[in-house]
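Trainee: Below: one structure in structure tokens.
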Ligand code: ACO
């Protein structure tokens, strides 16, 4: 795919660097020979202009607000597809026919149970442990239980590990919730859909029949679709970096969960709802807008802004619509939604946000839906991790299947002291 070349002149030396085109989106300058030819590195903290890999999974045009999975627009997938179908699509590249989809769903369903001994892990955590702390620990521990799917050189084992991770994540997340509220763990009910089963394991109790509300199941499934993958974001890049050393998939996904936890990434959905509740009523919005604009105040509008989207995040559009659907289905409302709508309106008409191209992202409205369904804010990021697991394993598989795959090893611009002699302690 080498199309043209770029010239880089340093002092009196000019070198040619190949320019490679993707199927769409920006071309990339291939700088792999740069160090060998010039003795220099590129410098790009935060990877604002660096493509770290080739990938055929997800395409984002941040300027236009476009998100495609394997070519399919996220709006269409959210409207017509299911999380299981999107999972198959991300893992395999094409939409399945009806029989293939049914087989895939059966495969995932058959892996939903957790090794019974894993239950004891939960009891080692304090009851008030954050679910993401539990998720990091329990998912990392899976590698100690499923040895038969940790050989990353074997495509069959990779596939089994991927299916196990996707299937067990709802069980792990639901158990984290149950542990925090002191209720018994619920075993999976494989008659239900992936998402219905998750709702039952979370909100059901053994003493009563649990009935899945179809509109809630649909909304939850859609939230999972909207979080399934997002190309080389921080947690996915973490999974790839961890995986590049040959680490087993369970350890890699635990690393992704750790990265996702941060408030600048997956933790923003929890932070966004906390912020909206703190704002409370629309009359207090301007104060928070002023704080967000103040350079001396660390406060930021959570759920606003994105490294890639310089336009409305297409996932936020679907989320906003879903809020109304869930309110209608549950016959509830939440004044925080009015505050969110008004905050969006005020921010978008403010030159600060317009100039910096800051728009609502996927996390701005998701917390309102999850709260209406009954999840505490601490569970929000765990749900994100559950859904993103499919993206993580698909990206990890893509990387491991690439014969040109190398260990990820960035370089640096060193700013510490140059070489100096050790001084014995009595002479310092
Ligand atoms: N509120 C106020 N100002 C903001 C915000 C915000 N939410 N986001 C960015 N800015 C400002 C910055 O202060 C900066 O201003 P400056 O150029 O005058 O210094 C400018 O916009 C650019 O921001 P950066 O932090 O440099 O942009 P970056 O791409 O590194 O960060 C990020 C993106 C982390 C998402 C940021 O917008 C943010 O912190 N948002 C709030 C947290 C959030 O919602 N995260 C979820 C992201 S989506 C996801 O992970 C699923």
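Trainee: Quick check on the stretch 77-407: take the gyration tensor over C-alpha atoms, sort the square-rooted eigenvalues as a ≥ b ≥ c, and tell me if it's rounded (a/c under 1.5), prolate or oblate. Before the final figure, lay out the partial values.
Mentor: Working: a/c = 1.68, a/b = 1.38, b/c = 1.21.
Note, shape of the stretch 77-407 comes out prolate.
Trainee: Between helix 363-373 and the chain, what is the angle of the helix's C-alpha long axis to the longest principal axis, kept within 0 to 90° and rounded to the nearest 10?
Mentor: Its long axis makes an angle of about 20 degrees.
Trainee: Taking a ≥ b ≥ c as the square roots of the eigenvalues of the Cα gyration tensor of the stretch 2-51, is the shape rounded (a/c under 1.5), prolate (a/b larger than b/c) or oblate?
Mentor: Working: a/c = 2.43, a/b = 1.32, b/c = 1.84.
Because a/c hits 1.5 or more and a/b fails to exceed b/c, the stretch 2-51 counts as oblate.
Trainee: Under the rule a/c < 1.5 gives rounded, and otherwise a/b versus b/c splits prolate from oblate, where does the stretch 162-218 land using the Cα gyration tensor? Don't skip to the answer; put the middle values down first.
Mentor: Numbers: a/c = 1.78, a/b = 1.07, b/c = 1.67.
Cα axes put the stretch 162-218 in the oblate bin.
Trainee: For the residues 295, 200, 7, what sequence is obtained by ranking on other C-beta atoms within 10 Å, fewest first?
Mentor: Working: 295 5, 200 23, 7 8.
Ascending number of Cβ neighbours within 10 Å: 295, 7, 200.
Trainee: Between 0 and 90 degrees, rounded to the nearest ten: what's the tilt of helix 268-279 against the longest Cα principal axis of the chain?
Mentor: So the inclination is approximately 70 degrees.
Trainee: Hey, another quick one. Helix 155-181 versus the longest principal axis of the chain: what angle, 0 to 90°, nearest 10, using Cα atoms?
Mentor: Helix 155-181 and the main axis of the chain meet at about 60 degrees.
Trainee: Quick check on the exposure proxy: order 109, 195, 377, 4 from fewest to most C-beta atoms within 10 angstrom. Write down the numbers at each step before the final one.
Mentor: On the way: 109 19, 195 24, 377 16, 4 11.
Lowest count first: 4, 377, 109, 195.
Trainee: Using the alpha-carbon centroid of each, what span in Å lies between the stretch 98-151 and the stretch 341-401?
Mentor: Value for the Cα centre distance between the two parts: 24 Å.
Trainee: Then there's this: If each DSSP helix of 4+ residues adds -39,500 (n - 2.57) and the sum is divided by the residues in the chain, what number results at 222 nm, nearest 500 deg cm²/dmol? Don't skip to the end; give the middle numbers.
Mentor: Working: 18 runs with 214 residues, N = 428.
After summing the helix terms and dividing by the residues of the chain, the value is -15500 deg cm²/dmol.
Trainee: Which of 91, 341, 165 comes first, and how do the rest follow, when ranked by fewest Cβ neighbours within 10 Å?
Mentor: Working: 91 20, 341 14, 165 24.
Result, fewest neighbours first: 341, 91, 165.
Trainee: Next up: Considering only 231, 398, 54, give the residue with the highest GNM mean-square fluctuation for the chain, with springs between Cα atoms whenever their separation is below 10 Å.
Mentor: 54
Taken together, the values in this text are just the output of simple stated rules run on the coordinates, not laboratory data. Being a predicted model, the structure only gives us computed values, none of them experimental. Note: ideal-geometry Cβ built from the backbone for every residue, glycine included; neighbour counts use all protein chains shown.
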